[in-house]
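The values are calculated or read from the model by the stated rules, or taken from the named source; none is laboratory data. This is a predicted model, so every value here is computed, not measured. FYI the Cβ positions are ideal-geometry reconstructions off the backbone, even for glycines, and counts take in every protein chain you see.
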Amino acid sequence: MALRIWASSTANALRLSSATRPHFSPLSRCFSSVLDGLKYASSHEWVKHEGSVATIGITDHAQDHLGEVVFVDLPDTGGSVTKATGFGAVESVKATSDVNSPISGEIVEVNTKLSETPGLINSSPYEDGWMIKVKPSNPSELESLMGAKEYTKFCEEEDTAH
């Protein structure tokens, strides 16, 4: 009985005219997850700088375009990263993408949970899905990155161009 009611409700919802049906922009999801307080690179990585450590991951916008993440290749702790240079890769059901570092520095921690649960990048890109933590060698590099408003506008323009 419950299934029949659900099916009937669904059928009624599908019959709504385009004027009364809710409209969802394909961009609405990605912009609801651009967080204030982070810095963003044009290659779709984010940085959260706290004290002497900067946490780096890929943005919600990036993971949304990638689709389901199935594998993450990360560097070893103790190595170094250079601004705008690749440090790892994310493989999804759609594609494999290099991940660039938005800043330069020494890698002080790697999120080892991603090797067993790469989907954390999809479900929690800014919390559990972080990738590396870096001790910045040149903290002024953070100034060249975008804030939330600039990154949102950048994504809107990029998606419109495609």
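Applying the set (1) at pLDDT 95 or above; (2) of a type in the set (D, E, K, R); (3) surrounded by fewer than 19 Cβ atoms within 10 Å (Cβ to Cβ) to D64 leaves exactly one unmet item: (1).
The residues in segment 114-143 that are within 18 Å of H61 (Cβ to Cβ), part of a loop (DSSP other than H, G, I, E, B) and free of Cβ contacts under 8 Å to residues at least 24 places away in the same chain can be counted, and the count is 3.
The single residue among N111, N122, N100 that is in contact with a helix residue (DSSP H, G or I) (Cβ under 7 Å, 6 or more places away or on another chain) and modelled with pLDDT of 95 or more turns out to be N122. Considering only segment 103-125, state which residues are surrounded by 14 or more Cβ atoms within 10 Å (Cβ to Cβ), within 17 Å of E68 (Cβ to Cβ) and of a type in the set (S, T, Y). T117, S124, listed by residue number. Of all residues in segment 39-80, exactly one satisfies the criterion of being under 17 Å from S140 (Cα atoms), part of a loop (DSSP other than H, G, I, E, B) and among the aliphatic types (A, V, I, L, M), namely A41. Within segment 55-88, being of a type in the set (G, A, S) and over 13 Å from the mean Cα position of the chain (by Cα) holds for G78, G79, S80, A84, G86, G88.
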